[in-house]
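The values are calculated or read from the model by the stated rules, or taken from the named source; none is laboratory data. Note that this is a predicted model, so its numbers are computed, not measured. A quick note on method: Cβ atoms are made from the backbone with ideal geometry, for glycine too, and the neighbour counts reach across all protein chains shown. The accessibility values were calculated without ligands, DNA or RNA, using every heavy atom of the protein model including side chains. Shrake-Rupley method; radii C 1.70, N 1.55, O 1.52, S 1.80 Å.
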Amino acid sequence: MYEELLTQLSISKRIVFFTGAGISAESGIPTFRGEEGIWQKFRPEELANFSAFMRNPKLVWEWYQYRRKIVRDSLPNPGHTAIVDFEKYFDVTIITQNVDNLHNRAGSKKVYELHGNIERNYCVRCKRRFDYIEFPDAESPPLCDCGSNIRPDIVWFGEYLPQDQFAASEKAAEQSDIFFVVGTSSIVYPAASITSIAKSAGSFVVEINIAETEISNRVNLFLKGKSGEILPEILNQLKVKFL
Ligand code: OAD
């Protein structure tokens, strides 16, 4: 069923998985766009930008506490774990737009996070980090020792992406033999530009999505379906054929 892809995999070493909210959908975490998407119910300008946080820190903090609970109650799904399995056979890099930490929790080794991570926080003023420290009962942003609010380590609208993560992602995309674009609408920039970098560098680009996107007619292969089903299936067929 995936003959062309299996042949490509058999001659490939470096694989990149560029992931978006769709890969975590089967873990029960809502995506951003589409009928049930987060941005249908909430307004990004009220919740996902710095001025909103300064205007109403409690509201923004509460929203992230609510999303943190969803993430903590979720588990990596077969899509995440299939990627971990790919690491046994290939040099795998994950570039994710997700903040849910599920690739790390699944056990993936090399994960670049372009939009931050909901399990981390930092002080808005002195930038002191509060990584993987839970504030489960805090209904308002906790205060740093310097007296300022602690905020989630999420890239909000209008903010720069972490430059080290972005530069490392560009390099991985350039060097990849196969570049999987999994569960993303590919419309949020600059993250989405990573796919063009891979394509221009000659990587074989494979998109996995339940629906066609803006880039579907420009990739080398479009596979329609759920990532939690397609990724394990590719791996199974690969094992049967080559390993
Ligand atoms: P979107 O919500 O824009 O897109 C999710 C994509 O996943 C859609 O194309 C769906 O068709 C697809 N999808 C849903 N379920 C799937 C499944 N089981 N298997 C495969 N595909 C599936 O999410 P992103 O592209 O990640 O930014 O959004 C990009 C950024 O926009 C996010 O990182 C976030 C948001 O604003 C920040 O938080 C900074």
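Cα convex hull, the chain: 117 Å³ per residue, rounded to a whole number. Charges on Cβ only, +1 for Lys and Arg, -1 for Asp and Glu, centred on the Cα centroid of segment 1-58; of Phe17, Leu47, Leu6, which one is farthest towards the dipole's positive end? The residue sitting farthest along the positive end of the dipole is Leu47.
Using only side-chain charges placed at the Cβ, +1 for Lys and Arg and -1 for Asp and Glu, the dipole size of segment 101-172 relative to its Cα centre rounds to 280 debye. Counting only protein heavy atoms and a probe of 1.4 Å, the accessible surface of segment 35-119 is 52% carbon and sulfur. Rolling a 1.4 angstrom probe over segment 130-169 with all protein chains present gives an accessible area of which 53% lies on carbon and sulfur atoms.
Please state the charge dipole magnitude for the chain, taken about the Cα centre, from unit charges on C-beta atoms (+1 on K and R, -1 on D and E), reported in debye and rounded to the nearest 20. If you can, show how the numbers build up before the last one.
Working: 28 positive and 31 negative charges, 80 e Å.
Its charge dipole is roughly 380 debye.
Using the charge dipole of segment 100-243 (Lys, Arg: +1 at Cβ; Asp, Glu: -1 at Cβ; taken about the Cα centre), state which of Ala201, Leu143, Thr184 has its Cα farthest towards the positive end. Positive-end residue among those listed: Ala201.
Where only DSSP H runs of four or more residues are counted, the chain gives -10500 deg cm²/dmol as its mean residue ellipticity at 222 nm, each run worth -39500 (n - 2.57). In this label model, Val240 and Ser148 are separated by 5.7 nm, measuring between points 7 Å along each Cα→Cβ vector.
Ranked highest first by the average count of other Cβ atoms within 10 Å around their residues, in what order do 143-152, 172-181, 106-115 fall? Walk me through the intermediate numbers first.
Details: 143-152: 16.0, 172-181: 23.5, 106-115: 18.6.
Highest-to-lowest ranking by the protection proxy: 172-181, 106-115, 143-152.
Distance from the C-alpha centroid of segment 133-169 to that of segment 29-73: 14 Å, rounded to the whole angstrom.
3J(HN,Hα) along segment 203-211, derived from phi through the Karplus expression 6.51 cos²θ - 1.76 cosθ + 1.60 where θ = phi - 60°, amounts to 6, 7, 9, 10, 9, 10, 7, 6, 9 Hz, with x in place of Gly and Pro.
Quick check of the Kirkwood formula: for segment 57-153, what is the inverse mean of 1/r over all pairs of different Cα atoms, in Å? All intermediate terms of the calculation are to be shown ahead of the outcome.
Values: mean 1/r = 0.0684 Å⁻¹.
It works out to 14.6 Å.
Report note on the peptides 153-166, 216-229: ranked by the mean count of other C-beta atoms within 10 Å, highest first, their order is 216-229, 153-166. In the context of the full set of protein chains, segment 38-126 has a per residue accessible area of 44 Å² (1.4 Å probe). In the context of the full set of protein chains, residues of segment 166-243 present 46 Å² of accessible surface per residue (probe radius 1.4 Å, heavy atoms only). Principal-axis analysis of the Cα atoms of the chain puts helix 163-175 at an angle of about 0° to the longest axis.
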